[in-house]
Amino acid sequence: MNNPPKSGEMLHLRGNALDKGDPVALPLTQSSMFHLPGAPDGHATYGRVDNLTWVHLEHVLSHLENAPCLTFPSGMGAISAALFATVKAGSRILIPSDGYYVTRLLADRFLSNLGVSVEERPTLAFADGGFDGFDVVFVESPSNPGLDMIDLGAVAREVRAAGGITIADNTTLTPLGQRPFDLGVDIVVSSDTKAMGGHSDLLMGHVASRSAQIMERIEEWRRVSGAIPGPHEAWLLHRGLETLDVRFDRMCASAQVLAERFKAHKAVQQVRYPGLLDDPSYAVAQAQTTRFGFLLSITLEDEVKAERFINTCPLLRPATSFGGVHSSAERRARWGDDVDPAFVRLSVGCEPVEELWQALEASLNAL
Ligand SMILES: Cc1ncc(COP(=O)(O)O)c(C=O)c1O
């Protein structure tokens, strides 16, 4: 297990570089033009290329990832950048068949049209068949929504030995919960719309890599494709990151308590949470993550009861997405994920855990 960065240090990154009279809070640079007489000589030029709010945000994200980082207007924007910057016609890529479904759509509906050959494997059988001949291997561990996990270090080692690169989607655990670079992964992508922002009020994403060559391509992709984040979203994400440590700590601690209690409740047929001793993901999670996360799933008796549970609990938002301060839940089968119709993905928020359990238990008891 690798140590996440020190959050106190992260909080003071900007402060320690300030000059007298500078604002302590991050200024929002809302400008498409910059004062640019004469030769550009390294100054900010144009809003698609430069933005001071991005620069500060990316400084903090790079500290969190311990790797250079670029931001994008959504998690899918980041995933698109990582894939379009690394594949070409004739490339072979491998993606999870049980991960976030829009990544599959991107590969199937766009990359394959450009002559990229796309193969899928379920997370639990991801290494079966090896990685020979793959240029890019995209992993998501834990998978969303099943929460299956794989040994990222072993995958990254094998992919590298076979001459490919590994991209890991680390959205569900964040850099505070899992450190893919320390396990040998080449590129990390994240939807910062989720826990990184944390308040369900923005869409953002980032790509990080320790390879200068890869980051050059990612930067070029952003500049040329125009897939740039809005300055206001960047500012909001920067603010969200200042409380990531506190939020993530409470969310993960509460998820552990709730998973154990769900397991003991008679209305719940199955619970998945990597922090449960008998969960299929426990051993891998124990070995390669620093926290077990804030996402869990419960399977109830049937679809009607699952809907009733989600829609009647006053401390649960019936909503898609996850990672916000408000606990939220949804039936993933409604989007076509290959799960039981009564499978509920639950994102544990920042409500005090006993208050939250009381509300969840009352809704379960009333089913
Ligand atoms: C694991 C994972 N990766 C990527 C994304 C895409 O992020 P965004 O919605 O910010 O584009 C999501 C969104 O739910 C996700 O769950």
Dipole axis of the chain (+1 Lys, Arg; -1 Asp, Glu on Cβ), positive-most option in Asn51, Ala127, Gly77: Asn51
Accessible area of the stretch 205-305 belonging to carbon and sulfur atoms, whole % at 1.4 Å probe: 51
Kirkwood Rh and Cα Rg combined as Rg over Rh, evaluated for the stretch 125-199: 0.99
Cα-based reach from Lys6 at 20 Å (exclusive), listing aspartates and glutamates while leaving out same-chain residues under 8 positions away: Glu58, Glu65, Asp182, Asp192, Glu242, Asp245, Asp249
R0 of 56 Å, Cβ-Cβ distance Thr243-Asp41: FRET efficiency to nearest 0.05: 0.90
Additional length obtainable on full extension of the chain from Glu220 to Arg157, 0.36 nm per residue less Cα span: 19.9 nm
Other-chain or far-sequence residues with amide H under 5 Å of Glu119's (modelled H): Ile93, Leu94, Ile95
Rough spin-label spacing in nm, given labels placed 7 Å along Cα→Cβ, for His326 and Asp338: 3.3
Asp19, Asp169, Asp249, ranked by accessible area, largest first (probe 1.4 Å): Asp19, Asp249, Asp169
Nearest 10 degrees, 0 to 90: helix 75-84 Cα axis against the chain principal axis: 60
The stretch 7-241 - accessible surface per residue (Å², probe 1.4 Å): 43
Charge dipole of the stretch 186-300 about the Cα centre (unit charges at C-beta), most positive-ward option of Ala283, His232, Ile298: Ile298
Cα convex hull of the stretch 7-241 - mean projected area over all directions, nm²: 13.7
Choice from Asp132, Asp245, Asp186 with maximal GNM fluctuation in the chain (Cα, 10 Å cutoff): Asp132
GNM top mover of Gly153, Gly129, Gly99 - the chain, alpha-carbon springs below 10 Å: Gly129
In the stretch 247-278, the trypsin sites (Lys or Arg not before Pro) that fall in loop regions by DSSP, at most 14 other Cβ within 10 Å: Lys266
Calculated P(r) tail over 19 Å for the stretch 159-224, as whole % of Cα pairs: 39
FRET E, pair Ala283, Ser97, Förster distance 25 Å, beta-carbon r, rounded to 0.05: 0.65
Efficiency of FRET between Glu303 and Asn113 - r from beta-carbon atoms, R0 35 angstrom, step 0.05: 0.45
26 Å Cα-Cα reach of Lys305 towards lysines, excluding residues that sit fewer than 8 places from it in its own chain: Lys263, Lys266
For the chain, with +1 on Lys and Arg beta carbons and -1 on Asp and Glu, the positive-most of Leu94, Leu26, His12 along the dipole: Leu26
Mean-position separation - Cα centroids, the stretch 16-35 and the stretch 193-242, in angstrom: 19
In degrees, nearest ten, helix 212-225 long axis to first principal axis of the chain (Cα): 90
Most mobile listed residue (Ile79, Ile95, Ile214) in the chain, GNM with C-alpha springs under 10 Å: Ile214
Within the chain: Cβ-based charge dipole about Cα centre, in debye rounded to nearest 20 (Lys, Arg +1; Asp, Glu -1): 300
Bridge type composition, the chain - antiparallel percent by DSSP, nearest 5: 60
Angle in degrees between helix 231-241 and the longest Cα principal axis of the chain, rounded to the nearest 10: 50
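The values are calculated or read from the model by the stated rules, or taken from the named source; none is laboratory data. All figures in this text were calculated on a predicted structure; none of them were measured in a lab. Note that each Cβ is placed from the backbone with ideal geometry, even for glycine, and that neighbours are counted across all protein chains shown. Please note that ligands, DNA and RNA were not included when accessible areas were found on the heavy atoms of the full protein model with its side chains. Shrake-Rupley method; radii C 1.70, N 1.55, O 1.52, S 1.80 Å.
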